[in-house]
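Notes follow the structure.
The values are calculated or read from the model by the stated rules, or taken from the named source; none is laboratory data. Nothing here was measured: the structure is a model prediction, and the numbers come from that model. Counting neighbours? That spans all protein chains shown, and the Cβs are built from the backbone with ideal geometry, glycine included. All accessible areas refer to the heavy atoms of the entire protein, side chains included, with ligands and DNA or RNA removed. Shrake-Rupley method; radii C 1.70, N 1.55, O 1.52, S 1.80 Å.
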Amino acid sequence: MIHNLLKNINEKTAFREASAHCDIPCKIYDPATTIIAALTVVRMDDIIAEWKENRPEDDAEYIATLSRAVAQKEEHAEQVKHDVRVIWGDYIKAPQLEAHPGLHELVHSIMLQGSACKQKSNREDAVKLVELVNQFAEIFWQTKNVKTKRAVCPYPPALEVVYTDL
């Protein structure tokens, strides 16, 4: 009903057409938060493993910490997937895909790896997610002609990540 009403009004007054490549074309994209989210997944897996080794499974504090760590791990794995989808869907266009033909496959691998990290607590899966996000960040910055470097982050889990070299 509303659609028909707007269609009839448009036929008589011709709405001006607007277009944008995303919801609001802000041009602010940065995979840095994605890297932090992936590192958080690793850190939560580490906390889960540390607490499992040091606490009895029926300990209330252990159960509470385990619950929070699992919730955060899953939230941050989903955040990785969300951030990559936004950059991939709103920023990446034909020129970037032509220059980086493996980008679709990389994004798909990140989606699968993010899901694997949500499904279980496995540090190796989480470390692989960080590496895939690092590869994505390197490609992203290459599309903007920004140099990058890899360095070990200064906080746990102390993994190598991609930084811009400004």
Query raised in the report: What accessible area, in Å² to the nearest ten, does a 1.4 Å probe give for HIS104?
Result: 90
Report summary line: Loop-resident GluC sites (Glu not before Pro) in segment 45-153 with no more than 11 other Cβ atoms inside 10 Å, DSSP not H/G/I/E/B, are GLU57
Query raised in the report: Between ALA37, TRP88, ALA60, whose Cα lies farthest towards the positive end of the dipole of the chain when Lys and Arg beta carbons carry +1 and Asp and Glu beta carbons carry -1, centred on the Cα centre?
Result: TRP88
**Report entry** Among ALA37, ALA116, ALA14: highest mean-square fluctuation, GNM of the chain, C-alpha pairs under 10 Å
**Finding:** ALA14
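Round to a whole number: what % of the accessible area of the chain belongs to carbon and sulfur, probe 1.4 Å? Numbers along the way, then the final one.
Details: 5750 of 10530 Å².
The C+S portion of the solvent-accessible surface of the chain is 55 percent.
Can you work out the accessible area per residue across segment 37-158, with the rest of the protein chains kept in place, probe 1.4 Å, in square angstrom? Could the numbers behind the result be given before it?
Working: 6590 Å² over 122 residues.
That works out to 54 Å² per residue.
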Report task. Rounded to the nearest 10 degrees, what's the angle between the helix 2-13 long axis and the longest principal axis of the chain, both from Cα atoms, 0 to 90? Result -> 40
Query raised in the report: Under 5 Å between amide H atoms, partner at least 5 residues away or on a different chain: which partners does SER121 have, H built in plane at 1.01 Å?
Result: none
Report summary line: Per the C-alpha gyration tensor (a ≥ b ≥ c, the square roots of its eigenvalues), the chain is rounded if a/c is under 1.5, else prolate if a/b beats b/c, else oblate; here it's oblate
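What number, in percent, do you get for the relative contact order of the chain if the mean sequence gap of Cα pairs under 8 Å and at least 6 apart is divided by its residue count?
Details: 159 pairs, mean separation 41.0, N = 166.
Result for the chain is 25 percent.
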Query raised in the report: So how exposed is LYS81, as accessible area in Å² (1.4 Å probe, rounded to 10)?
Result: 30
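Please list, by residue number, every one of the trypsin sites (Lys or Arg not before Pro) in segment 92-136 that is coil in DSSP and has at most 16 other beta-carbon atoms within 10 Å.
Answer in residue order: LYS93, LYS120.
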